[in-house]
1. If a residue has to be under 16 Å from F79 (Cα atoms) and part of a loop (DSSP other than H, G, I, E, B) to count, how many in the range 10-40 make the cut?
2. Among what's in the range 6-24 and is open to solvent by 60 Å² or more (accessible area, probe 1.4 Å) and among the hydrophobic types (A, V, I, L, M, F, W, C), pick the residue that is farthest from T94 (Cα to Cα).
3. Taking helices (runs of 4 or more DSSP H) that fall entirely within the range 41-103, which contain at least 1 residues that are touching a Leu at 6+ places or on another chain (Cβ under 8 Å) and surrounded by fewer than 18 Cβ atoms within 10 Å (Cβ to Cβ)?
4. What pairs can you find where one residue is in the range 50-63 and under 14 Å from L93 (Cα atoms) and without any contact (Cβ under 8 Å) to a residue 40 or more places away in the chain, the other is open to solvent by less than 50 Å² (accessible area, probe 1.4 Å) and not in a helix (DSSP H, G or I), and their Cβ atoms are less than 8 Å apart, with a gap of 6+ or different chains?
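The values are calculated or read from the model by the stated rules, or taken from the named source; none is laboratory data. Given the structure is predicted, the values throughout are model-derived calculations rather than measurements. Methodologically, a virtual Cβ is constructed for each residue, glycine included, from the backbone with ideal geometry; neighbour enumeration extends over all protein chains shown. These accessible areas exclude ligands, DNA and RNA; they are computed on the full protein's heavy atoms, side chains included. Shrake-Rupley method; radii C 1.70, N 1.55, O 1.52, S 1.80 Å.
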Amino acid sequence: MNLRSTRNPRWVAALVSQPGILRLARTGLASAYLVGGLDKLWHFEAAIQEQAHFGLHPAGLWATLAVVIELTGSLSLIFNRWTWLGAGALGCLTLVAMLVANDFWNLTGQARFVAMNGFFEHLGLISALILVTRLCDTPFVDAPLPEKSSRETS
């Protein structure tokens, strides 16, 4: 097995090239935003209080922006339409949340640990949104996997 290969093993390539797998992955990525947006919409007063708690003013405007971005950005990802815009908006919203709610550099002890973990989870989401945007430019076809050359198997 070539450990330097940049290609996935055939069984992995076969698994991730199943019909619908990319939509399922985009839905999974968008799920936290979709659920968060719906929850904020259904409990809008609590959403306003959350924004105020983190020092974002006017809190009503920030809550409205969060709902709109989380819902429209999620749908953009799931249906692969205007993905660059939806992912970009979600990424910017996540960056603001990351810096405001996970300021681990100002904390100590257990609170620092929890905030630092949240910070890097948010960074991971932003990175995944970048990858989804990049993958939108990659053509995918339902074609058989190419056979490996003898160079790839050595």
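1. So the answer is 2.
2. W11
3. Details: elements: 44-53, 59-79, 83-101.
In the range 41-103, 59-79, 83-101 are the helices (runs of 4 or more DSSP H) which contain 1 or more residues that are touching a Leu at 6+ places or on another chain (Cβ under 8 Å) and surrounded by fewer than 18 Cβ atoms within 10 Å (Cβ to Cβ).
4. Listed by first residue and then by second, the contacts come to W62/L56.
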